[in-house]
There are 2 protein chains.
Amino acid sequence: MPIDAFDFDTLLLKSFIAIAETGNFTAAAEIVGRSQSALSLQVKKLEEGFGCALFQRETRAVTLTPQGEIFLSYAKRMVQLQWEAYSRLREPDVQGEIRLGTPEDFAAHYLPDVLATFRRQHPRVLLNVACDLTLNLMRGFKAGEFDLILVKRDPQRVLGGTRVWREPLVWAAADNHQPEDPLSLVLAPQPCIYRARALAALDRARRPWHITYTSPSLAGTLAAVKAGLGITVLPANMLPAGIHPIRGSRLPRLADAEIALIKRDETSRISEMLAGHIMGSLERIS
Amino acid sequence: MPIDAFDFDTLLLKSFIAIAETGNFTAAAEIVGRSQSALSLQVKKLEEGFGCALFQRETRAVTLTPQGEIFLSYAKRMVQLQWEAYSRLREPDVQGEIRLGTPEDFAAHYLPDVLATFRRQHPRVLLNVACDLTLNLMRGFKAGEFDLILVKRDPQRVLGGTRVWREPLVWAAADNHQPEDPLSLVLAPQPCIYRARALAALDRARRPWHITYTSPSLAGTLAAVKAGLGITVLPANMLPAGIHPIRGSRLPRLADAEIALIKRDETSRISEMLAGHIMGSLERIS
DNA sequence: TGAGTGTCATAAGTAAAATTGATAGTTTTA
DNA sequence: TAAAACTATCAATTTTACTTATGACACTCA
């Protein structure tokens, strides 16, 4: 492990993050409780250390340069680690209950590893994971039934929360599937966001379709697709053996699948830690 | 994201790591290029910040307290991030070729995600992954054929390298499998470390066995086990559908599977980055 | 067009902090 | 019991960071 590379304080990182998020030195100075000139010097130190500009100074606002974007991701991870270390050492035995809501397919695919690690690090925490459709999760969250929810969302329409995952959404069919017209579809039932997106895209492209099979679970959908009942829409990495993406056909392109993490403003220390853990773990992969 | 928690410099982290690794303030001071008293004060600052001791001062050497162990893992990750950020910003366009050697099962299971992320972050790097048995990897590494290798090892016998993964090794059988005596085994061919470990354990327990099927690849082994040709030995998380761990029987317990990353002392910047990436990514999960 | 405003950068002085070198206080070793 | 090998502590010094005040710049609006 190389130990050169110039050193900096987590204070610098926090200032940097605040500036990146507000787009404004003065406002950021307010947040971190220091003078504007202090932040100016801090950024200067960072920029000199890295030998490149991190912010583009326009008159009305400062925006991140490409290098700044890169550094932001590192800065956030480092601050997260710092806070996590602090939490664990100050109050080693975090405990309590966390109610986490998540889409079913995400729960089946990416979450197990992430949650397993968390459990190992915090054995006295009661994890309570519920799977449901995004709309129900949102409703439940507002009703106070969850501490943390992971929801699907459109990349365009952002409703708060932090993006923790993004991957292409593709049309998928069984390996031995033959093209047909009108399209046979295998989809989740009504308020599913992928379903809505797929149907809207087809309508826009004026492709006729009909739904052959409906299953609320990912496993059910996959089974139906494998059985040749139709094609479906899936995140690219969730394709199991026997199902492949449909390429080069005239199916409409789909927007990326995006998963965001939403948490309460005021939340327990332990939920905060799980949120950080999820963000940190997924950021590495996505 | 909470922004309290006391702030510290990456310099402190490097000192801390050096002390933890040498078990000696004076030697560590030499490494980081500062006086012994400086390190003493730095550690004091950390300990006061966290409100707990990080080192246990015995007369002959200092050792980490349990809290120190926890902090060490965070410290390492933070320094790794710091170095990675630095590298990417100083020389944005890292390029070159990396020759990575890895066990086949590991390559199939955990590595794809990790490498995919790396590729996305460093598009101009040529990744060259070769799968082989640990013994061959070791030989190839010594012969200069690899920049980096991942190898299986016994938790007891450590030969250098950093542990990046650890998980229980279990006996596994097809779901419809019936117990039998002598045991029928499905294993990889000769110099496989799991094979050796399984057979040694059985011999120690004086269980008779015979090998029914031999396949060099994980897929081949799984197919044979599913077909009921015998039981095998697998890392607990690699069990696919249709194969389950054998519990409660009188099969001998197996030591954990452990994967270590070995790299040259003098290696290219880009290999260094991949090494860091692998360690960082897997540390979160394991 | 030109005063007003909001913005970041810079400068000089000051406050804070880290580092050092010397030293005291341990415990082990010979 | 003296020497050796440690770490902790202290006071002096050096380095670093912060603040206030001011400058420079570019938009905005009369």
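Quantify, in whole percent, the carbon and sulfur part of the accessible surface of the range A:4-159 (1.4 Å probe; protein heavy atoms only).
Summing carbon and sulfur atoms, their accessible area is 50 percent of the total for the range A:4-159.
When +1 charges are put on Lys and Arg Cβ atoms and -1 charges on Asp and Glu Cβ atoms, the dipole computed for the protein assembly as shown relative to its Cα centre reaches about 480 debye. Here's the picture: charge each Lys and Arg Cβ at +1 and each Asp and Glu Cβ at -1 in the protein assembly as shown, and of A:228, B:218, A:19 the one pushed furthest to the positive end of that dipole is A:228. Once you've got the GNM for chain A with C-alpha springs shorter than 10 Å, pick whichever of A:275, A:227, A:143 has the biggest mean-square fluctuation. Evaluated over chain A, the most mobile residue of the options is A:143. A Cβ-based charge dipole, computed about the Cα centre of the range B:10-89 with Lys and Arg at +1 and Asp and Glu at -1, lands at about 140 debye. Here chain A is treated with +1 on each Lys and Arg Cβ and -1 on each Asp and Glu Cβ, and its dipole about the Cα centre works out to around 500 debye.
Extents of the protein assembly as shown, largest first, come to 67, 66, 48 Å (Cα atoms, principal axes, whole angstrom). Partner shielding of A:53-60 amounts to 0, given as the average count of beta-carbon atoms from other chains within 10 Å of each residue beta-carbon.
For chain A, the longest principal axis of the alpha carbon atoms and the long axis of helix A:193-204 meet at an angle near 60°. Taking the charge dipole of the range B:97-155 about its Cα centre, with +1 at Lys and Arg Cβ atoms and -1 at Asp and Glu Cβ atoms, the residue from B:133, B:121, B:151 reaching farthest to the positive side is B:121. Eigen-decomposition of the gyration tensor built on the alpha-carbon atoms of the range B:10-89 gives equivalent ellipsoid semi-axes of 21, 15, 11 angstrom, largest listed first. Chain A packed on chain B takes about 4700 Å² of accessible surface away from a 1.4 Å probe, both sides summed.
So, for the range B:169-255, what is the accessible surface per residue at a probe of 1.4 Å, expressed in square angstrom?
With all protein chains present, the range B:169-255 gives 51 Å² per residue.
Here the relative contact order of the range A:179-262, from alpha carbon pairs under 8 Å that lie six or more residues apart, stands at 34 percent. I'd like the orientation of helix B:111-121 relative to chain B: the angle between its Cα long axis and the longest Cα principal axis, in ° from 0 to 90, rounded to 10. For B:111-121 against chain B, the angle is about 40 degrees. Taking every protein chain into account, the accessible area of the range A:1-118 amounts to 43 square angstrom per residue (probe 1.4 Å). Only lysine pairs 8 or more places apart or on separate chains count here, and in chain A those with Cα atoms under 27 Å apart total 12.
With contacts taken as Cα pairs under 8 Å at a separation of at least 6 residues, chain A carries a relative contact order of 19 percent. Remark: relative contact order (the range B:10-89) = 31 percent; criterion is Cα-Cα distance under 8 angstrom and separation of 6 or more residues. Distance between the C-alpha centres of the range A:205-263 and the range A:75-131: 29 Å, rounded to the whole angstrom.
Only helices enter this figure: runs of n ≥ 4 DSSP H residues, each worth -39500 (n - 2.57), summed and divided by the residues of the protein assembly as shown, yield -13500 deg cm²/dmol at 222 nm to the nearest 500. Among B:258, B:58, B:84, the largest mean-square fluctuation in a Gaussian network model of chain B, built with springs joining Cα atoms closer than 10 Å, belongs to B:58. Here the range B:169-255 has 54 percent of its accessible surface on carbon and sulfur atoms, given a 1.4 Å probe and all protein chains in place. Distances between equivalent label points of residue A:245 across the copies, with each point positioned 7 Å along Cα→Cβ, amount to 3.5 nm, shortest listed first.
The values are calculated or read from the model by the stated rules, or taken from the named source; none is laboratory data. This structure is a prediction, so every number in the text was calculated from the model and none was measured. Every residue, glycine as well, gets a Cβ built from its backbone with ideal geometry; the counts of neighbours run over all protein chains shown. All accessible areas refer to the heavy atoms of the entire protein, side chains included, with ligands and DNA or RNA removed. Shrake-Rupley method; radii C 1.70, N 1.55, O 1.52, S 1.80 Å.
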